[in-house]
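Colleague: Have a look at this one before I ask anything.
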Amino acid sequence: MGSPLLVAGGEAVIPAVAEAVAVARKRGIFVVWVVREHDPSGRDVELFRRHLYSGGKGPTVKGLKGAELADGLFIKEGDYKLVKTRFSAFFATHLDSVLKTLGMKNLVIVGVQTPNCIRQTVYDAVALDYEKVMVLTDATAAARPDIHLASIRDMKTIGVETPTLEEWRR
């Protein structure tokens, strides 16, 4: 709590994220946990955030609380942890290679922050030709509900599916 990167509304979707992951595991869907972890110096952080990392105490420094999964979310055997340093899970990572090596063509995305990490990852997934990209609207969150809904609407306009967790679960 109190982190400058804490997403208001993020805590409320933790149960939906946990349930979506449980459903995915039950269906045999490959689960990828995407986390931000940065060097204590902040040298791998976007320029506009580097000031938050002075003294090695940045909000998402590897090994510190801010870089951990939220309480109630757990990486299990068979899941995959991907560390990223930018908004998109695809930017400067090997995510595309991992997914395509496994024959993945469809993605279901949950988490925070809808206008930044979620949307950028989704746009990259569409650009990388994933056949179906889906964002579970009630298992994603933004700092404000209006920003979340506007981001969902933006993604929907490029062909991204936007069901609720209940709709996806059916």
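Colleague: So is A12 closer than 21 Å to I109 by Cα, part of a helix (DSSP H, G or I) and at pLDDT 90 or above or not?
Modeller: Considered against the rule, which asks whether it is closer than 21 Å to I109 by Cα, part of a helix (DSSP H, G or I) and at pLDDT 90 or above, A12 comes out as yes.
Colleague: Please pick out the residue among T121, T114, T137 that is farther than 20 Å from D79 by Cβ, at pLDDT 95 or above, open to solvent by less than 40 Å² (accessible area, probe 1.4 Å) and under 10 Å from the mean Cα position of the chain (by Cα).
Modeller: Checking each option against the conditions leaves just T114.
Colleague: Would you please list the contacts, defined by Cβ atoms under 6 Å and residues six or more apart or on different chains, that run from a residue in region 152-169 that is charged (D, E, K, R) to a residue that is surrounded by 11 or more Cβ atoms within 10 Å (Cβ to Cβ)?
Modeller: K156/T162; E161/M134; R169/V23
Colleague: Right, next: Being among the small types (G, A, S) and loosely packed, with under 13 Cβ neighbours inside 10 Å: is that true of S97 here?
Modeller: yes
Colleague: Restricting attention to region 101-111, and to residues there that are of a type outside the set (A, V, I, L, M) and surrounded by fewer than 23 Cβ atoms within 10 Å (Cβ to Cβ), which single residue is nearest to the chain's Cα centre (by Cα)?
Modeller: Checked region 101-111; the qualifying residue nearest to the chain's Cα centre (by Cα) is N106.
Colleague: Need pairs with beta-carbon distance below 7 Å; first residue at pLDDT 90 or above and within region 65-82, second polar (S, T, N, Q) and open to solvent by less than 80 Å² (accessible area, probe 1.4 Å); sequence gap 6+ or separate chains.
Modeller: Going by the 7 Å Cβ cut-off, the qualifying pairs are L82/T93.
Colleague: For I158, which of the numbered conditions (1) surrounded by 13 or more Cβ atoms within 10 Å (Cβ to Cβ); (2) in contact with a helix residue (DSSP H, G or I) (Cβ under 9 Å, 6 or more places away or on another chain); (3) at negative phi; (4) not hydroxyl-bearing (S, T, Y) fails to hold?
Modeller: Among (1) surrounded by 13 or more Cβ atoms within 10 Å (Cβ to Cβ); (2) in contact with a helix residue (DSSP H, G or I) (Cβ under 9 Å, 6 or more places away or on another chain); (3) at negative phi; (4) not hydroxyl-bearing (S, T, Y), I158 violates only (1).
Colleague: Okay, next question. If you go through region 62-84 one residue at a time, how many are within 17 Å of D44 (Cα to Cα) and either open to solvent by less than 40 Å² (accessible area, probe 1.4 Å) or hydrophobic (A, V, I, L, M, F, W, C) (or both)?
Modeller: Qualifying residue count, region 62-84: 5.
The values are calculated or read from the model by the stated rules, or taken from the named source; none is laboratory data. Computed from a prediction, not measured in an experiment: that's the story for all the values here. In this analysis, Cβ positions are derived from the backbone assuming ideal geometry, glycine residues included, and neighbour counts consider all displayed protein chains. Side chains are part of the model used for accessible areas, which takes the heavy atoms of the whole protein and leaves out ligands, DNA and RNA. Shrake-Rupley method; radii C 1.70, N 1.55, O 1.52, S 1.80 Å.
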